[in-house]
Amino acid sequence: MAKTIWISGDTHFGDAHALSLFQRPFADVESMDAHFLETLNRRVEKRDVLIHIGDFCGPHPAGQDAQVEHARTMRRQIRCKEIRLIRGNHDPKSERFYTLFELVKDQMSFRREIGNERVIVCHYPLRAWRGQLSGALHMYGHTHGALQEVGRSMDVGVDCWNYAPLRLDHAMNLLIARAVTGPSGWVRQQEVREDAGDGATT
């Protein structure tokens with residue numbers, strides 16, 4: 001059976017503050033964690049691949065060691081063997097944390113099999129990305145649905161997808177249907193500025 005590739009992110013496992021900050025409909029952090037584990041394991045098969053676009057776990061009141069340990073506990077309960085992590089701002093900079101994943105990167109770039117469009121995956125939303133004018137796709141998280149999507153860009157975090165992962169091919173098909181941001185959209189907004197070069201201020 002062919003592998004299915006899924007994409008998700010911004011789960012913030014263990015982060016009680018996420019409930020109010022992102023207006024999540026869970027009674028407590030335990031319920032939130034349990035829901036994410038259940039939906040991941042129901043949709044993502046053992047031999048599938050999950051691309052997680054960052055903030056796998058949120059800040060822990062007991063510090064980074066406790067955060068890493070909670071992430072380890074969550075990872076052990078996810079049956080998918082291969083998770084590729086695109087680092088988020090809340091993911092701990094720790095080798096113990098990185099070993100929980102099969103791949104850890106700041107950004108991912110690959111080509112869509114059908115159509116050969118470039119796909120740029122980053123935790124942070126980019127206003128301009130490589131290949132944008134020739135139809136490249138951009139998937140991101142971080143803003144939890146609070147930022148308007150532009151052109152062929154999409155927030156793939158759980159807050160935008162009913163608190164569940166989505167198939168990568170479905171996300172790409174949705175983006176392919178959108179118009180490419182054309183050159184006519186590149187209208188300079190900044191005034192022309194000069195560097196006096198002499199330390200003077202204006």
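Bridges between two residues of segment 1-116, per DSSP, are antiparallel at a rate of about 0%.
What does the charge count near Phe97 come to, summing +1 for each Lys or Arg and -1 for each Asp or Glu among other residues with Cβ under 9 Å from its Cβ?
Overall, the nearby charge balance is +1.
For the chain, a Gaussian network of Cα nodes joined below 10 Å ranks Val156, Val121, Val104 by mean-square fluctuation, and the top entry is Val104. Gaussian network model of the chain, Cα springs within a sub-10 Å range: biggest mean-square fluctuation belongs to which of Pro61, Pro125, Pro92? In this elastic network of the chain, the residue with the biggest mean-square fluctuation among Pro61, Pro125, Pro92 is Pro61.
The lysine pair count for the chain, using Cα distances under 16 Å and pairs eight or more places apart or on different chains, is 4.
With neighbour counts taken as other beta-carbon atoms within 10 Å, the residues Trp129, Trp161 rank, fewest first, as Trp161, Trp129. Each peptide in 52-59, 134-141 receives the mean, over its residues, of other Cβ atoms within 10 Å, and ordering these scores from highest gives 52-59, 134-141.
Please arrange Leu19, Leu50, Leu147 by how many other C-beta atoms lie within 10 Å of their C-beta, fewest to most.
Least to most surrounded, the residues fall as Leu147, Leu19, Leu50.
Arranged from fewest to most other beta-carbon atoms within 10 Å of their beta carbon, Glu191, Glu113, Glu149, Glu102 become Glu191, Glu113, Glu102, Glu149. Beta bridges assigned by DSSP with both partners in segment 109-164 are antiparallel in approximately 35 percent of cases. In a GNM of the chain with a 10 Å cut-off on Cα contacts, which of Gln107, Gln190, Gln132 has the highest mean-square fluctuation? In the Gaussian network model the winner is Gln190. How far is helix 64-76 tilted, in degrees, relative to the longest principal axis of the Cα atoms in the chain, given as a value from 0 to 90 rounded to the nearest 10? Once rounded, one gets 70 degrees.
Only the coordinates and a few stated rules stand behind these numbers; no lab work does. Just so you know, these numbers come straight off a predicted model, no measurement behind them. We place every Cβ from the backbone using ideal geometry, glycine too, and count neighbours over all the protein chains shown.
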